[in-house]
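Q: One structure, as structure tokens, below. Some questions next.
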Amino acid sequence: MVWIVFWAAVGWAIFFGWHPELFVALAILFPSAICIDLIGRRRRLKKRRERERLVAERRAARRDAIWAANQERTRSRVRADWAVGKTGGQEDERMRQVADQEAEIKRRAEEDTRRAEEDARRLLQERDGYWLPD
């Protein structure tokens, strides 16, 4: 608005001649127009920065939400694959190896227990001379 008045005063001065009042008006309008323009630019820049900051926060929140959802989806997919026996990747292979080792240890323990019971039964049969039911 101030610029419009300023350029109108300049145009008036060019077409109708320079008057001392125009010099005073231009001397007042030019610095005030620059100040008002700078203040307006600063306000617009401040608003734009605030808007950009809010957009960046929203994007970051959305990105974090997508990342968390993908992590949970991956975890549940790995759990589901593990439950049905489908595994892929090094971590799943490691989990499978650990499960196989645990199953082997359990099988060996059961086998050792069975052998010990058979040995005890056989020793009792030999010592006492009678047969024990299984």
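Q: Kindly indicate the residue of region 1-27 that is surrounded by 13 or more Cβ atoms within 10 Å (Cβ to Cβ) and among the aromatic types (F, W, Y) and also nearest to G40 (Cα to Cα) among those meeting that condition.
A: W3
Q: Looking for whichever is at pLDDT below 85, surrounded by 10 or more Cβ atoms within 10 Å (Cβ to Cβ) and not assigned by TED's automatic domain parsing to the domain that holds G11 here; the options are R77, R121. Which one fits?
A: After ruling out the rest, the residue left standing is R121.
The values are calculated or read from the model by the stated rules, or taken from the named source; none is laboratory data. On a predicted model such as this, the values are computed, not experimentally measured, just so you know. Note: ideal-geometry Cβ built from the backbone for every residue, glycine included; neighbour counts use all protein chains shown.
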